[in-house]
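For reference, the structure discussed in these notes is given below.
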Amino acid sequence: MGQIIPGLEKELVNLNSGDKTDVLVQPADAYGEYNAEALQVLPKEQFAGIELVEGMSLYGTGENGETVQVAVKSIAGDDVTIDYNHPMAGKTLMFSVSILDVRAATEEEIQTGVVGGMAAAGGGCCGGGSCGT
């Protein structure tokens, strides 16, 4: 659990092999509602050396050292408005899914929360058929 958005995951856990369905996920169960307070106006000089374009994504470091993605919302004179919302925030999402197979999680998957275990998370197995060789 926890590898995909909650609204989709909630619907998938009740499906069986061979099932096909459409899943409508509301913003609150996906990437959250759009938060108008998650905008910040910064001086253009803070972006020296970057050719800014409205809509472009930028990456920085958050308060706790995590990587943060922001979007350039607008550029007006010497001011740049950046948006901290997830790009899919506020959007209702539709997924068409087909369940090809269902299996129990391995002990490692249960412990790590990573499908395929830690080897898959670290790039040790990419599905290309070269794992373990």
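The values are calculated or read from the model by the stated rules, or taken from the named source; none is laboratory data. Not measured: the values here are computed from a predicted model. What goes into the accessible areas is simple: the full protein's heavy atoms, side chains included, and nothing from ligands, DNA or RNA. Shrake-Rupley method; radii C 1.70, N 1.55, O 1.52, S 1.80 Å.
With a bin width of 5 angstrom, please list the P(r) values of segment 1-47 as percents of all Cα-Cα pairs, from the 0 bin to the one holding the largest distance.
Result, from short to long distances: 5, 16, 18, 15, 11, 9, 8, 8, 5, 4, 2, 0 percent.
Under a cut-off of 19 Å between alpha-carbon atoms, report the lysines in cross-link reach of Lys20, not counting same-chain residues fewer than 8 places apart.
Within reach: Lys10.
Per residue, how big is the convex hull of segment 75-121 when only Cα atoms are used? Give it in Å³. Kindly include the intermediate steps, with their values, before the conclusion.
Working: hull volume 8.4 nm³, N = 47.
Roughly 179 Å³ of hull volume per residue.
Identify all lysines with a Cα-Cα distance to Lys44 below 30 Å; exclude those on the same chain that are fewer than 8 residues away in sequence.
In chain and number order, the partners are Lys73, Lys91.
How large is the translational diffusion coefficient of segment 18-79 in µm² per second when you combine the Kirkwood radius over alpha carbon pairs with Stokes-Einstein at 37 °C and 0.692 mPa s?
Details: Rh = 14.7 Å.
Stokes-Einstein gives a translational diffusion coefficient of 223 µm²/s.
Keeping all protein chains in the complex and leaving out DNA, RNA and ligands, what accessible area do you get for Ser96 with a 1.4 Å probe, in Å² to the nearest 10?
The accessible area comes out at roughly 100 Å².
For the chain, what is the largest minus smallest coordinate of the Cα atoms on each principal axis, given in angstrom and ordered from greatest to least?
56, 39, 26
Using a 1.4 Å probe, what is the accessible area per residue for the chain, in Å²? Spell out each step's value before the answer.
Values: 9380 Å² over 133 residues.
Spelled out: the 1.4 Å probe surface of the chain, per residue, equals 71 Å².
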